[in-house]
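The numbers here are math on the coordinates, done by the rules we state, and not lab data. Since the model is a prediction, treat every value here as computed from it, not as a measurement. Please note: Cβ atoms are built from the backbone with ideal geometry, for glycine as well, and neighbour counts cover all protein chains shown.
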Amino acid sequence: MNILVVGSGASAVHFAQSALEKGHEVTMVDVGRERPAPVRPGDSFEDLKRNLDDPVAHLLGENFEAVTYPGGEGEFYGFPPNKSYVFEGITPFQVRASGFAPLVSFAQGGLAEAWTAGVFPFREEELADFPFSYDDLAPFYDLVARRIGISGTRDDLAELHPVHDHLLPPLDLDEHSRVLLERYEAKRETFRSLGVTMGRSRIATLSEERDGRPACEKLGRCLLGCPTESLYTPLVTLRELLKHERFTYRGGLFARRFEYDSSGRISVLVTQHVRDGEEEKFPVEHLVLGAGTLSSANIVMESWFEETGEILRLSGLMDNRQVLMPFVNPRLLRHPHDPETYQYHQITIGLEGETPRDLVHGLLTTLKSASIHPVVQGIPLDVGTSLWMFRNLHAALGLVNINFADRRRKDCYVTLGGTSLVTRSRAPALRIHYERPAGERRRLRRAKRRFRRALSKLGCFVPPRMSHVRPMGSSVHYAGTLPMSEKDEPFTTTPDGRSRDFENLWIVDATTFPFLPAKNLTFTLMANAARIADRAF
Ligand SMILES: Cc1cc2nc3c(=O)[nH]c(=O)nc-3n(C[C@H](O)[C@H](O)[C@H](O)COP(=O)(O)OP(=O)(O)OC[C@H]3O[C@@H](n4cnc5c(N)ncnc54)[C@H](O)[C@@H]3O)c2cc1C
Ligand code: SF4
């Protein structure tokens, strides 16, 4: 079979790898901005500050674009300039949003080139709205774990995050995370009676060498982009695909729409060269969209609009609401901080909800090497005193990123609207609208109270008025606009991700997820894409 795949993100590359393993021919069409080569790959974060000619330009940008200014949105870090290629837009793709702050990637590897590598399988209860069971997905969690390398351990969190095969030993803990976990162990029964479960994060970062990628060397520059690729990103898989003789990669192409006949059979994918806007058409035998939820929905809507003149509204857009809760651990005041440690979260906290689907999921990151100015400027003293205070506080600081589940609702949707002024094309720009669910404020208040309590049992305190509800869209876990379902309804897909409207179209990204648990979804995206390649082709 000849399969044309759009995108090179987490879902597209794992679909393509499985399709190749089954003997198919795969052509991948991708905008695919390229990642800049890593600077001084053997240097740690501290070495970079010492060795680079202009470390400020590297870490904060030529025009200080990575600086988080006072009075900003309450974010505690900005993306470093060398990651800007991940989020850079392109002229033919215009978005307008209300109630939602979207991020879209046109990079090779997609958004996960900037991810924090947290990987958490969904449980049976969280898959209740999916038209397949955990047992159907489990072999593909195992498969993807073997491909990408996941560190972690079987601990209390196994009740919340099923344990798959091929789990590597956990990474070494930083001192602060170790102190917190010891405290949890000592008071385990108290925590469990409060509905709080803690343990080691599952992370797609190697604790042992695998397929030429070294184990994490604790360079402390994960946020800048791991220079050794110990931390997995989809580009690792894309490079493997490029070695395959039945694989063709066509970068620099924006997939605009497809053409189909009256029976819904797609004949052609219409693309546009990003460089000069020139059109190129690809004949289609089987088309697979893995361009990310917003972009895949846009391609379907533009295709429909071009053929019928009708503007679709696809409802059910979901994302995880996130709250950032900084905390201080007095036991670590005036401790030296160790810059040569893994930078991202090493602890996960689960908070039981009314039902298993209402689990609240917290990722706990202790502060290590980082851009410290967003924290320092929050201390209400002069710069000298604030810096002195920060140095004494550094090792004692941490942040919990609290995630909430979302459900498909009619009033959260994507559609097309307003002719794009930039492209002047006939097709309108993508429009997104998101409404807060009823009772959300109350739910957030209650969860924040429970997290403050849990942190206090860990011996920490949460400084008043510093927790921050992030705008919807910030978690970048978008899903739900063309759901998989058993029911044969328009603008849904079969359990195998096959469109019910277009005979030879499959969708392998989170566009088809009918429910979004509080967990990071990318591991499930990859497993589901591999499942579709295995079951449908
Ligand atoms: C800062 C950050 C941290 C994150 N941390 C985590 C985490 O810890 N755990 C987790 O599970 N998830 C995390 N995520 C989310 C994760 O990155 C996404 O879920 C995942 O990348 C989505 O993959 P995708 O395959 O749907 O497509 P995307 O990543 O959106 O990739 C889209 C691909 O399609 C291409 N493309 C798009 N439109 C077109 C078009 N029209 N024509 C041609 N090509 C196109 C792009 O070039 C790109 O290759 C994080 C995201 C961010 C931004
Ligand atoms: S994962 Fe982070 S700490 Fe580990 S080697 Fe890569 S950059 Fe360094």
Whole-Hz ³J(HN,Hα) for each residue in the stretch 21-33, computed from phi via Karplus 6.51 cos²θ - 1.76 cosθ + 1.60 with θ = phi - 60°, x for glycine and proline: what do you get? 4, 8, x, 7, 8, 10, 10, 10, 9, 8, 5, x, 4
For the stretch 475-537, report the % of Cα-Cα distances exceeding 19 Å. 26
Net dipole in debye of the chain [+1 Lys, Arg Cβ; -1 Asp, Glu Cβ; about Cα centre; nearest 20]: 2060
Please give the peptides 46-57, 278-289 ranked by average Cβ packing (other Cβ atoms within 10 Å per residue), highest first, as a rough proxy for protection. 278-289, 46-57
GluC sites (Glu not before Pro), restricted to the stretch 434-504: which are DSSP loop and have at most 11 other Cβ atoms within 10 Å? E486
Per-selection Rg to Rh, the stretch 88-160 - Cα, Kirkwood hydrodynamic radius: 1.07
Could I have the simple spin-label model distance between R449 and T153, label points 7 Å from Cα toward Cβ, reported in nm to one decimal? 3.4
Rule-of-thumb check for the stretch 273-319: C-alpha Rg over 2.2 N^0.38 Å? 1.37
Provide, in order from the shortest bin, the percent of all Cα-Cα pairs of the stretch 169-282 in each 5 Å bin, continuing until the bin that contains the maximum pair distance. 2, 8, 11, 10, 11, 11, 9, 9, 8, 7, 7, 5, 2, 0
For the stretch 116-221, compute Rh as the Kirkwood radius over C-alpha pairs and then the Stokes-Einstein diffusion coefficient at 25 °C and 0.890 mPa s; write the answer in µm²/s, rounded to an integer. 160
Using amide H atoms built in the peptide plane, which far-off residues or other-chain residues are under 5 Å from Y260 H to H? S267
Looking at the stretch 424-517, which trypsin sites (Lys or Arg not before Pro) are DSSP coil and have at most 15 other C-beta atoms within 10 Å of their C-beta? R424, R426, R465, K487
Under 12 Å, Cβ to Cβ, from D155 - net charge with Lys/Arg +1 and Asp/Glu -1: +1
Compute the normalised compactness of the chain: alpha-carbon radius of gyration over 2.2 N^0.38 Å, N being the residue count. 0.95
Among bridges DSSP assigns within the chain, what percent are antiparallel (round to 5)? 70
Using only alpha carbon pairs under 8 Å that are at least six residues apart, calculate the relative contact order of the chain and give it in whole percent. 23
